[in-house]
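Data first, discussion second: the structure below is written as structure tokens.
The values are calculated or read from the model by the stated rules, or taken from the named source; none is laboratory data. Keep in mind it's a predicted model, so treat the numbers as computed, not measured. Reconstructed Cβ throughout: ideal geometry from the backbone, glycine too, with neighbour counts over all protein chains shown. Note: accessible area is taken over every heavy atom of the protein model, side chains too, but ligands, DNA and RNA are not part of it. Shrake-Rupley method; radii C 1.70, N 1.55, O 1.52, S 1.80 Å.
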Amino acid sequence: MSSTAAATDTAATITLADLTRMLRESAGEEEGVDLDGDVLDTPFMELGYDSLALLQVIGQIQRDYSLQIPDDAVVDAETPRALLEVINDSVRLPAPLV
């Protein structure tokens, strides 16, 4: 899903595929880690992503999907599954007036 489509679809759900794509774009992919594998419950540290990488991805998601994601909730999300729950439970911001 493109950023434009995501921004116009207020009911968009971020999937694992969306998240892993954004992780690759923001911070690359650790050698020996297959983000296309079963990584839903693998800690981000084992996947090679630190808190800075996650903050970059969260910033992108907030912009692309018009979401408000609490910083403290992100800190506690140690796996892709936990982060997706935080993201998809986040408050959608009103669309900007054109």
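Calculate one ³J(HN,Hα) per residue across the stretch 52-59 by plugging θ = phi - 60° into the Karplus curve 6.51 cos²θ - 1.76 cosθ + 1.60, and present them in order as whole Hz with x for glycine and proline.
Going residue by residue, I get 5, 4, 5, 5, 4, 5, 4, x Hz, with x marking Gly and Pro.
Charges on Cβ only, +1 for Lys and Arg, -1 for Asp and Glu, centred on the Cα centroid of the stretch 27-77; of Ala77, Tyr65, Leu55, which one is farthest towards the dipole's positive end?
Result: Tyr65, furthest along the dipole toward the positive end.
If you build the convex hull over the alpha carbons only and average its shadow over all orientations, what do you get for the stretch 13-98? Give it in nm² to one decimal.
Numbers: hull surface 22.2 nm².
Mean projected area for the stretch 13-98: 5.6 nm², to one decimal.
Give the ranking of Thr42, Thr13 by solvent-accessible surface, highest area first, calculated with a 1.4 Å probe.
On the way: Thr42 35, Thr13 85 Å².
In descending accessible area the options line up as Thr13, Thr42.
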